[in-house]
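Participant: Sharing a structure here in structure tokens format.
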Amino acid sequence: MPMTVILGVQWGDEGKGKITDMLAAEADVVARFGGGDNAGHTVTVGAERFALHLIPSGILYPRVACLLGAGMVVNPKSLLAEMEGLRARGVDVSPKRLKLGARAHLILPYHLALDGAAEVARGGSALGTTKRGIGPAYTDKAARKGIRACELLHPPGVLEARIREEVEASNQLLEGVYGQEPLDAGAVVKDFLEHAAKLAPHVADVSEAVFEALRSRKRILAEGAQGLLLDLDFGTYPFVTSSHPTTGGVLTGLGIGPQYIERVVGVVKAYQTRVGAGPMPTELTGPLGDALRGTGAQPWDEFGTTTGRPRRCGWLDGVTLRYGLRVNGLTEMAITKLDVLSRFDSLQVAVAYEVDGERIETFPADVEVLARCRPVYETLPGWRVDISDARTFRDLPAEAQRYVSFLEDLLGIPASIISVGPGRDQTIRQ
Ligand code: GDP
Ligand code: IMO
Ligand code: MG
């Protein structure tokens with residue numbers, strides 16, 4: 001059976017966790033293909049909320065196997081903590097159903113220390129990373145010195161020597177370049193060996209597992225983390241993450257061919273948000289932005305799942321959506337948080353930018369140019385009624401229907417899913 005890909009097409013936090021969990025009801029396998037615990041995916045089941053960082057958002061269905069692909073960077077300590085949290089809530093996280101890709105790279109304490117130190121060194125031009133060691137871990141991968149999950153199976157003595165070598169090399173950077181305290185290699189080794197023993201049974205060839213599942217006609221979801229505008233190549237470089245949250249990233253991150261991908265669902269939050277630094281043409285810094293963000297009283301208000309930071313908010317940016325359509329080959333969209341827009345009398349959607357006296361409709365490569373772009377808006381009517389109980393398209397007020405149709409026309413693909421609340425059932429499918 002073919003694969004469905006679920007991707008964020010903004011700056012992350014589009015609601016991928018909710019959409020993945022919902023679609024996982026009809027799936028056999030959910031696989032993450034990139035990123036690490038910089039991701040924070042929220043799944044709401046009745047009154048219960050689950051914040052997932054590394055474990056795929058299919059874990060709540062006992063039938064579903066959950067895989068962590070080669071494109072990921074995995075912090076063993078975070079993974080074990082997340083597993084423990086789920087186990088305590090009665091979720092099965094045994095090696096039978098939770099598999100860690102042998103080729104995935106591992107995040108160690110020195111990656112976190114280097115991430116923090118690099119941010120401090122950047123001063124006023126800090127990227128605003130999640131400080132989870134993501135950049136340094138992918139740097140080590142590209143430099144061909146990273147430690148991979150398959151090494152968790154190596155004898156403790158071999159692992160110890162390997163870790164000591166890497167801690168010492170990192171300490172040179174931490175002390176010599178950044179003027180920070182060095183790490184205690186012995187303590188890092190001790191923790192790592194404990195983590196290795198616990199995680200070793202989970203290590204598996206995820207590419208093979210996905211291929212086998214495809215061959216036995218199982219239904220597979222590839223769950224994206226982050227979003228297109230954080231992609232290392234296509235995002236707002238350098239204000240990006242270090243992975244590829246795109247359709248291309250699915251192929252390299254899981255190790256499969258393109259012919260299995262049938263659907264590419266772009267998760268589109270009904271407005272724009274961003275955490276961290278970098279240009280955001282439709283950002284609203286006044287009361288409208290505050291109204292989008294909410295006060296934090298609701299669990300879905302715009303404060304980061306991973307770091308708790310307030311998210312920058314603004315009107316939906318159609319230029320970035322068209323860009324997402326092109327780069328990812330989206331076949332459909334899942335529009336989320338439409339209910340949040342019920343707070344406004346009228347709504348705006350950017351359909352082009354104006355820069356240096358010119359109108360452009362394509363997303364610029366250069367952040368210096370993007371920073372000078374001013375959005376050209378279309379104004380649409382708001383609806384000002386609670387839509388969180390809508391379950392069919394016809395239950396939506398005419399203005400909300402119009403907003404959805406406007407986006408379908410803009411991208412030329414259907415909105416097959418419309419989400420009007422965090423709950424599983426607060427969803428319109430068409
Ligand atoms: P992800 O990183 O893409 O999985 O998104 P996050 O979980 O970081 O952020 C999305 C937030 O919005 C979470 O708190 C979700 O529970 C919530 N959410 C998802 N869909 C909806 C929706 O349609 N309406 C509302 N009000 N909240 C939603
Ligand atoms: P999910 O999967 C929102 C952002 C960070 C920062 C930049 C680089 O929940 O959508 P990093 O720690 O990756 O080196 O930080 O990327 N970022 C996210 N923003 N949602 C995410 O994940 C993110 N993952 C990384 O805020 O701007
Ligand atoms: Mg998130």
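Participant: Considering only the other residues whose Cβ falls under 13 Å of the Cβ of residue 375, what net charge follows from Lys and Arg at +1 and Asp and Glu at -1?
Facilitator: Its environment carries a net charge of -2.
Participant: Using θ = phi - 60° and the Karplus curve 6.51 cos²θ - 1.76 cosθ + 1.60, what whole-Hz ³J(HN,Hα) does each residue of the range 102-116 get, with Gly and Pro shown as x?
Facilitator: 4, 8, 5, 8, 9, 9, 10, x, 5, 5, 5, 5, 5, 4, x
Participant: Contour minus end-to-end for residue 216 and residue 295, with contour as 0.36 nm per residue of separation and end-to-end as the Cα-Cα distance?
Facilitator: 23.7 nm
Participant: Let me ask you something else. Report the charge-dipole magnitude of the chain in Debye, nearest 20, computed about the Cα centre from +1 at each Lys and Arg Cβ and -1 at each Asp and Glu Cβ.
Facilitator: 920
Participant: Against the globular-protein guess of 2.2 N^0.38 Å, express the Cα radius of gyration of the range 16-134 as a ratio, rounded to two decimals.
Facilitator: Compared with the compact-globule rule of thumb, the range 16-134 sits at 1.13.
Participant: Can you list, bin by bin at 5 Å, the percent of alpha carbon pairs in the range 107-195, starting at 0?
Facilitator: In whole percents, the pair-distance histogram is 3, 14, 24, 25, 19, 9, 4, 2, 0.
Participant: Let me ask another. Give or take rounding to whole Å, what are the principal axis extents of the alpha carbon atoms in the range 288-332, in descending order?
Facilitator: 36, 24, 16
Participant: Whole-Hz Karplus ³J(HN,Hα) for the range 356-367, in order, using 6.51 cos²θ - 1.76 cosθ + 1.60 and θ = phi - 60°, x for Gly and Pro?
Facilitator: 6, x, 10, 9, 10, 10, 9, 7, x, 6, 9, 5
Participant: Exposed loop trypsin sites (Lys or Arg not before Pro) only (DSSP loop, at most 14 other Cβ atoms within 10 Å): please give the longest stretch of the chain free of them, not including the sites.
Facilitator: 218-383
Participant: Near residue 89, within a Cβ-to-Cβ distance under 13 Å, what is the net charge of the other residues, with Lys and Arg +1 and Asp and Glu -1?
Facilitator: After counting each charged neighbour, the total is -2.
Participant: Quickly work out the residue 89-to-residue 384 label distance, labels modelled 7 Å from Cα along the C-beta direction, and quote it in nm with one decimal.
Facilitator: Between residue 384 and residue 89, the simple spin-label model gives 3.8 nm.
Participant: If the elastic network links every pair of Cα atoms under 10 Å, which of 371, 187, 31 fluctuates the most in the Gaussian network model of the chain?
Facilitator: Highest fluctuation among the options: 187.
Participant: Once you've got the Cα coordinates, tell me which of 77/337; 18/141; 131/190 are over 25 Å apart.
Facilitator: Pairs exceeding the cut-off: 77/337; 18/141.
Participant: To continue, here is another question. Give, as a single signed number, the net charge of other residues whose beta carbon lies under 15 Å from the beta carbon of residue 407, with Lys and Arg counted +1 and Asp and Glu -1.
Facilitator: For residues surrounding residue 407, the net value is -3.
Participant: Rounded, prolate or oblate: which fits the range 143-230, taking a ≥ b ≥ c as square roots of the Cα gyration tensor eigenvalues, rounded meaning a/c under 1.5, else prolate when a/b beats b/c?
Facilitator: Oblate is the answer for the range 143-230, as a/c is 1.5 or above yet b/c matches or exceeds a/b.
Participant: Hey, if you drop one equal point scatterer on each alpha-carbon of the chain and run the Debye formula without solvent, what base-10 log of I(q)/I(0) do you get at q = 0.09, 0.10, 0.13, 0.14 Å⁻¹?
Facilitator: Summing over Cα pairs of the chain leads to -0.55, -0.68, -1.13, -1.30.
Participant: Here is a follow-up. Tell me whether the range 339-392 comes out rounded, prolate or oblate; compute the Cα gyration tensor, take square roots of the eigenvalues as a ≥ b ≥ c, and use a/c under 1.5 as the rounded threshold.
Facilitator: It is prolate, given that a/c is not under 1.5 and a/b is the larger ratio.
Participant: Using a cut-off of 14 Å between alpha-carbon atoms, which aspartates and glutamates can reach residue 145, once sequence neighbours fewer than 8 places away in the same chain are excluded?
Facilitator: 165, 166, 168
Participant: Would the range 95-145 count as rounded, prolate or oblate if I go by the C-alpha gyration tensor, calling it rounded below 1.5 in a/c and otherwise prolate when a/b exceeds b/c, oblate otherwise?
Facilitator: Because a/c hits 1.5 or more and a/b exceeds b/c, the range 95-145 counts as prolate.
Participant: Which aspartates and glutamates have a Cα less than 18 Å from the Cα of residue 218, not counting those fewer than 8 places away in the same chain?
Facilitator: Filter leaves 21, 26, 28, 205, 208, 262.
Participant: Applying 1/(1 + (r/R0)^6) with R0 = 22 Å to the Cβ-Cβ distance of residue 148 and residue 63, what FRET efficiency is obtained, to the nearest 0.05?
Facilitator: 0.15
Participant: Could I ask something else about it? In deg cm²/dmol and to the nearest 500, what is the mean residue ellipticity at 222 nm of the chain if only DSSP H runs of at least 4 residues count, each as -39500 (n - 2.57), divided by the residue total?
Facilitator: Rounded to the nearest 500, the figure is -9500 deg cm²/dmol.
Participant: Nearest 5 percent is fine: what portion of the DSSP beta bridges confined to the range 1-81 is antiparallel?
Facilitator: Expressed as a percentage, antiparallel bridges in the range 1-81 total about 50.
Participant: Right, here's the next one. Considering only DSSP beta bridges whose two residues both sit in the chain, what percent are antiparallel, to the nearest 5?
Facilitator: Among the beta bridges of the chain, antiparallel pairing accounts for roughly 40 percent.
Taken together, the values in this text are just the output of simple stated rules run on the coordinates, not laboratory data. A quick note: this is a predicted structure, and the numbers were derived from the prediction, not measured. Don't worry about glycine lacking a Cβ; one is built from the backbone with ideal geometry, like all the others, and counts go over all protein chains shown.
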